[in-house]
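Engineer: Supplied in structure tokens, the structure appears directly below.
The values are calculated or read from the model by the stated rules, or taken from the named source; none is laboratory data. Quick caveat, the model's predicted, so the values are computed rather than measured. So basically every Cβ, Gly included, is an ideal-geometry build from the backbone, and we count neighbours across all protein chains shown.
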Amino acid sequence: MGTLVTCYKPLLSIRFSSFPSSLRTFQLRTHSSNNPRRRNPIRRCFSSLSPSQPLINGKSVDKTNGNQPASPSTELWLHNTMSKKKEVFKPKVEGKVGMYVCGVTAYDLSHIGHARVYVIFDVLYRYLKHLGYEVCYVRNFTDVDDKIIARANELGEDPISLSRRYCDEFNQDMVHLHCLPPSVEPRVSDHVPQIIDMIKQILDNGYAYRVEGDVFFSVEKFPDYGQLSGRKVEDNRAGERVAVDSRKRNPADFALWKSTKEGEPFWESPWGPGRPGWHIECSAMSAAYLGHSFDIHGGGMDLVFPHHENEIAQSCAACKHSNISYWIHNGFVTVDSEKMSKSLGNFFTIRQVIDLYHPLALRLFLIGTHYRSPINYSDVLLESASERIFYIYQTLHDCENALSQHDTRLQGFIPPETSNVINKFHNDFLVSMSDDLHTPVVLAALSDPLKTINDLLHTREEASNAHRISGCSRKDN
């Protein structure tokens, strides 16, 4: 029994029992449109601009006292889209990580392409915490956008109200997928004052211009434009979310502020009533909670250009000290080798999938391929993930039942082969996860300890049956 205990316990750190066992609802902040210029107090998680005196929830932390975070236990390598290579992760503030991940535009139910983004960054969030880092994870909601307005007009609904409803639906999806809630979930509609302030700074620094109540960023003023994607200015052609506008000085220029149109939500600004452009929101909200310089900015591969490219340009234009150390992007979920997206109409919502399969089967499917590689949606793969997740849970359930009948503090002799399995899995887990989150290797490595548990369970059961049969034979005699 001691062998079974020892073999089972290492799985506790990675087993799914750490996930919520029941569905929970997250209380979102109520939105008030009565006073759009009302400033919400921003409680910055901590500031990476002052490594010697970080801020946590607005309070200074003295790193000379006993509150200093523990040092991470192992070296982590992450692929940086900016450098196009894997780099050793070194946070700006020792023991602390600031991470911003672009959230959904909330106008419909989220699809499994979205699920992959937030499951992957949930894995990174959990692993950073496992290594001992204190993590401030910021994930925004876009609740003011052309698509939201168009959908609200179709339904005859207030855009902010519609978006709030789909924010709630998204958070329910995240609960189903057992994603930990981020530290902060800012919304555009709650941060318009901060966005306006950043646009003012960009204008004052000479990187933007005004046209009839609109404000555009001038990409020609930013020589490093294209450093993340490797693309040229002329590649930023008109398309999705890139408006065709003859008033622009350059077709690649993008809107920081859009003047109001009839039937649209608007806020007062120095340039007249209007609303933020798409890209500026993330620059303003990440700066509000993490400062202009922080560790990780993430999202799907489709955001590299133009969204993240534009973020870099406008953030640097607003603050010359703006710097993000690691840009991390996950690959697409595809259907018949084509990117899954709402615009292409080839998507499956998270709700549709988890109506057919357990949510953890979807989660397992999504981490069964390395996060930077594309993954093709397939019923066959979802069936396989379902069988695998059942096997994992059944093994752990059987083990718990067996251990509940005995004193789990009992320690016995551990056969060398069992000890080797335990040590190998520990090593494989740390090495693989620290090598750019190689989750497929970890899942493969999980097979040996699970098999060992089952072998020990069956051996115990057979021994018990043999003992009962032997006892019955002696009694009969």
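Engineer: Please work out which one of (1) surrounded by fewer than 14 Cβ atoms within 10 Å (Cβ to Cβ); (2) at pLDDT 95 or above is the condition SER384 fails and give its number.
Structural biologist: Answer for SER384: the failing condition is (1).
Engineer: Has the range 82-97 got any residue that is farther than 25 Å from VAL335 by Cβ, touching a helix residue (DSSP H, G or I) at 6+ places or on another chain (Cβ under 7 Å) and buried (at least 23 other Cβ atoms within 10 Å of the Cβ)? Let's see the steps before the verdict.
Structural biologist: Taking the range 82-97 first, the residues farther than 25 Å from VAL335 by Cβ are 82-97.
Subset that is touching a helix residue (DSSP H, G or I) at 6+ places or on another chain (Cβ under 7 Å): 97.
Checking the rest, the ones that are also buried (at least 23 other Cβ atoms within 10 Å of the Cβ) come to 97.
Yes.
Engineer: Among the residues of the range 304-313, is any assigned to a loop (DSSP other than H, G, I, E, B) and in contact (Cβ under 8 Å) with a residue 40 or more places away in the chain? Break it down stepwise before answering.
Structural biologist: Taking the range 304-313 first, the residues assigned to a loop (DSSP other than H, G, I, E, B) are none.
Checked against the condition, which is being assigned to a loop (DSSP other than H, G, I, E, B) and in contact (Cβ under 8 Å) with a residue 40 or more places away in the chain, the range 304-313 yields no hits at all.
Engineer: Here is a list: SER373, SER286. Which entry is surrounded by fewer than 18 Cβ atoms within 10 Å (Cβ to Cβ) and under 17 Å from the mean Cα position of the chain (by Cα)?
Structural biologist: Values: SER286 fails: surrounded by fewer than 18 Cβ atoms within 10 Å (Cβ to Cβ).
Exactly one of SER373, SER286 is surrounded by fewer than 18 Cβ atoms within 10 Å (Cβ to Cβ) and under 17 Å from the mean Cα position of the chain (by Cα), namely SER373.
Engineer: Tell me yes or no: at least one residue of the range 256-277 is without any contact (Cβ under 8 Å) to a residue 60 or more places away in the chain, assigned by TED's automatic domain parsing to the domain that holds VAL135, part of a strand (DSSP E or B) and of a type in the set (A, V, I, L, M).
Structural biologist: Yes, the range 256-277 has at least one match.
Engineer: Within the range 146-164, is even one residue touching a residue at least 24 places away in the same chain (Cβ under 8 Å), under 19 Å from THR74 (Cα atoms), assigned by TED's automatic domain parsing to the domain that holds SER343 and small (Gly, Ala, Ser)?
Structural biologist: No, the range 146-164 contains no residue that is touching a residue at least 24 places away in the same chain (Cβ under 8 Å), under 19 Å from THR74 (Cα atoms), assigned by TED's automatic domain parsing to the domain that holds SER343 and small (Gly, Ala, Ser).
Engineer: Anything in the range 150-174 that is aliphatic (A, V, I, L, M), touching a Leu at 6+ places or on another chain (Cβ under 8 Å) and crowded, with 19+ Cβ neighbours inside 10 Å? List them, or say none. If you could, list the steps in order and put the result at the bottom.
Structural biologist: Within the range 150-174, the first condition is being aliphatic (A, V, I, L, M), and the residues that meet it are 150, 152, 155, 160, 162, 174.
Subsequent filtering for residues that are touching a Leu at 6+ places or on another chain (Cβ under 8 Å) retains 152, 155, 162.
Those that are aliphatic (A, V, I, L, M), touching a Leu at 6+ places or on another chain (Cβ under 8 Å) and crowded, with 19+ Cβ neighbours inside 10 Å: ALA152, LEU162.
Engineer: Could you grab me the full set of residues in the range 321-371 that are touching a Pro at 6+ places or on another chain (Cβ under 7 Å) and of a type in the set (Val, Ile, Thr)? Show your work before the answer.
Structural biologist: Initial filter on the range 321-371 (touching a Pro at 6+ places or on another chain (Cβ under 7 Å)): 331-332, 334, 368-370.
Across the range 321-371, the qualifying residues are THR334, THR369.
Engineer: Just checking, how many residues over the range 301-325 are closer than 22 Å to PRO91 by Cβ, more than 17 Å from the chain's Cα centre (by Cα), buried (at least 20 other Cβ atoms within 10 Å of the Cβ) and of a type outside the set (S, T, N, Q)?
Structural biologist: Here the count works out to 3.
Table: residues versus (1) within 30 Å of VAL353 (Cα to Cα); (2) modelled with pLDDT of 95 or more; (3) in contact with a strand residue (DSSP E or B) (Cβ under 7 Å, 6 or more places away or on another chain).
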site	(1), (2), (3)
LYS59	no, no, no
ASN65	no, no, no
TRP77	no, yes, yes
LYS84	no, yes, no
LYS90	no, yes, no
LEU109	yes, yes, yes
GLU134	no, yes, yes
TYR137	yes, yes, yes
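Engineer: From (1) within 15 Å of the chain's Cα centre (by Cα); (2) closer than 22 Å to SER286 by Cα, pick out the condition that doesn't hold for HIS178.
Structural biologist: With respect to (1) within 15 Å of the chain's Cα centre (by Cα); (2) closer than 22 Å to SER286 by Cα, HIS178 is out only on (2).
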